[in-house]
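Data first, discussion second: the structure below is written as structure tokens.
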Amino acid sequence: MVPRMLALLGFANAVAVVALWLHGGGLHDEPLTSLGRLTGLLGAYLSLVELLVLARGPRTSAWHRWAGHAVLWLLIAHTVLITTGYARSDDSGLLAQARRLIEEFPGVITATAGLAILIGVVIASALRRRLRYETWYFIHLYTYLAIVLAFSHQLATGTEFVGDSVARTYWYALYGVTLAAIVWRYARARPLRVERVVDAGPGVVNIELAGRLRARPGQFFRWRFLTRGRWFEAHPFSLSATPDGHGARITVKGVGDHSRGLRDLRPGTRVLADGPFGGFTRAARRRPRAALIAGGAGITPIRALLEEMPGDLVVVYRAPRAEDVILRDELDALAAARGFSVHYVVGGDRDGLLALVPDIAERDVYVCGPPEMVDAMRARLRAAGVRRIVTERFAL
Ligand SMILES: Cc1cc2nc3c(=O)[nH]c(=O)nc-3n(C[C@H](O)[C@H](O)[C@H](O)COP(=O)(O)OP(=O)(O)OC[C@H]3O[C@@H](n4cnc5c(N)ncnc54)[C@H](O)[C@@H]3O)c2cc1C
């Protein structure tokens, strides 16, 4: 319901942007210049929508990628159309016109820098898998700078800004709401404290946290541990147990420097929890039967989901080695108490997993684990005729 209303609001604002452009003259000028203005306005608007959507939580969705590319192409179209339109009006060459725009119009040079940054961000996103996460993340942060530079250009040269008080007020409001949403996103992080760090198998720890936290089983937070060397990075970890109003728990498998180092956290360490995020939660209109498929550490949100999920359940848990199976005692205890079965699969290929659940097509299926595993399972499940597949990929 909420996403649909937000989509409607987004569409209504896009219509308002076009209406204000028409109000400001529409195609009245040289058509290419006017179209260039429109693409610039739509590009600026879509970039704000991207930021607003991101302020609701981290995204890796196809929509996020699509919108990022659309912003880039709209702004490239804006640059080309405006330069060509002005060149036609002045009867000059394209290069001479580009130089004139940069030299004579305040803000064009900053906008050019903003566009160059945006091109860099889109290229970095395409190379995501080849870059360290931190490198990719910090390059992504430059998007904010690109938008500030574009805003200063709109302020200094945009016809809709300079000449039309209604449009100016409207655009100020759009930028203001976006800024407020971003500030709110960071300000609302919940403060907690580490209560205990408990060994949970080779390279795995349970981190128990004290403090109030509200979330649905299956969701994750971005955790910022306020110790030297860690406070500047936030990492996503799912809740591995439902918060009880006084505390929460995450289960972390050490795979890199950050996750391995969490074993050394001291009780009392302050933590900021940004979230909750994610739709890996019990489906609203669900079938009475469900299968939950985990790969490696992907069992953590499934462990939390199993606490509350009613109906006929079956769990398939694949890990590369026997020692990589985590939370086994808890899973077995839950299975015995609730009367469902857990199939542990050590090694082997993924093809055999679905054979463990012969009635898979009649079940809702939840899959969580490394991205490659989740993507491969989704394709197999679709081919097997499963209609509702809920997934969480353990990498952004
Ligand atoms: C939604 C979600 C929920 C997760 N839940 C759990 C969980 O409950 N238990 C668990 O053990 N692991 C979980 N992970 C994985 C965990 O976030 C990474 O293993 C951890 O951040 C790795 O950081 P590192 O510096 O130790 O390792 P690195 O070697 O630096 O990173 C390994 C990989 O982890 C990802 N990664 C690294 N840093 C970040 C970051 N700051 N934000 C997002 N991704 C990052 C990147 O894809 C990277 O390639 C989850 C991941 C996601 C996306």
statement: For the range 107-157, the percent of accessible surface on carbon and sulfur atoms (probe 1.4 angstrom, ligands and nucleic acids excluded) is 75
Furthest towards positive pole of dipole, Leu52, Leu20, Leu38, structure part the range 1-85, Cβ charges: Leu52
task: Report the full-extension gain for the segment Thr112 to Leu95: residue separation times 0.36 nm, less the Cα-Cα distance, to one decimal in nm.
output: 4.7 nm
message: Give me the percent relative contact order of the chain, please, defined on Cα pairs under 8 angstrom at least 6 residues apart.
response: 11
Charge dipole (debye, nearest 20) of the chain; +1 at Cβ of Lys and Arg, -1 at Cβ of Asp and Glu: 960
- prompt: Taking the Cα atoms only, what angle lies between the long axis of helix 165-187 and the longest principal axis of the chain, rounded to 10 degrees?
  reply: 20
message: Per 0.36 nm of contour for each residue apart, how much would the distance between Arg132 and Thr227 grow if the chain were fully extended, relative to their Cα-Cα spacing?
response: 32.0 nm
task: Collect residues whose amide H, placed 1.01 Å from N in the peptide plane, falls under 5 Å from the amide H of Arg196; neighbours closer than 5 in sequence don't count.
output: Glu208
task: Please list His246, His69 in order of solvent-accessible area, largest first, computed with a 1.4 Å probe with all protein chains present.
output: His246, His69
statement: Long-range share for the chain, i.e. C-alpha pairs more than 31 Å apart as a percent of all pairs, stands at 49
- request: Using θ = phi - 60° and the Karplus relation 6.51 cos²θ - 1.76 cosθ + 1.60, list the HN-Hα couplings for the range 344-356 in order, rounded to whole Hz, with x at every Gly or Pro.
  value: 8, 10, 9, x, x, 9, 6, 4, x, 4, 5, 5, 6
query: Pulled fully out, how much extra length does the chain show between Ala384 and Ala336, if you take 0.36 nm times their separation in residues and subtract their Cα-Cα distance?
result: 14.4 nm
message: Between Arg214, Arg285, Arg56, where does the largest GNM mean-square fluctuation fall for the chain, given springs only between Cα atoms within less than 10 Å?
response: Arg285
- prompt: Over what distance in Å are the Cα centres of the range 269-303 and the range 322-336 separated?
  reply: 16
query: What order do you get for 107-120, 222-235, 6-19 when each peptide is scored by the mean count of other beta carbon atoms within 10 Å, highest first?
result: 107-120, 222-235, 6-19
- prompt: To the nearest 20 debye, what charge dipole does the range 190-277 have about its Cα centre, counting +1 at the Cβ of each Lys and Arg and -1 at the Cβ of each Asp and Glu?
  reply: 220
message: Placing +1 on the Cβ of each Lys and Arg and -1 on the Cβ of each Asp and Glu in the chain, which of Ile117, Phe237, Phe340 has its Cα farthest towards the positive end of the resulting dipole?
response: Phe340
statement: Simple spin-label estimate for Val15/Leu141, 7 Å along Cα→Cβ, in nm, reads 4.0
query: Pairing the Cα long axis of helix 62-90 with the longest principal axis of the chain, what angle in degrees results, from 0 to 90 and rounded to the nearest 10?
result: 10
- request: Just check the range 2-187 against the gyration tensor rule for me: Cα atoms, a ≥ b ≥ c as the square roots of the eigenvalues, rounded for a/c under 1.5, and otherwise prolate or oblate depending on whether a/b exceeds b/c.
  value: oblate
field: Dipole magnitude of the range 2-187, debye to nearest 20 (Cβ charges: Lys/Arg +1, Asp/Glu -1, about Cα centre)
entry: 1000
message: For the chain, set up a GNM with springs between Cα atoms under 10 Å and report which of Ser259, Ser89, Ser240 has the largest fluctuation.
response: Ser89
message: If Rh is defined by the Kirkwood formula over all Cα pairs and Rg also comes from Cα, what ratio Rg/Rh do you get for the range 327-396?
response: 0.97
message: Just to be sure I understand: with springs between alpha-carbon atoms less than 10 Å apart, which residue in Gly369, Gly218, Gly93 has the highest mean-square fluctuation in the Gaussian network model of the chain?
response: Gly93
query: Rounded to a whole number, what is D in µm²/s for the range 190-277 from Stokes-Einstein with the Kirkwood radius over alpha-carbon pairs (37 °C, 0.692 mPa s)?
result: 259
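The values are calculated or read from the model by the stated rules, or taken from the named source; none is laboratory data. The structure displayed is predicted, hence computed values, not measured ones. Positions of Cβ are backbone-derived with ideal geometry, glycine not excepted, and every protein chain shown enters the neighbour counts. Areas reflect the complete protein model, heavy atoms only, side chains present, ligands, DNA and RNA absent. Shrake-Rupley method; radii C 1.70, N 1.55, O 1.52, S 1.80 Å.
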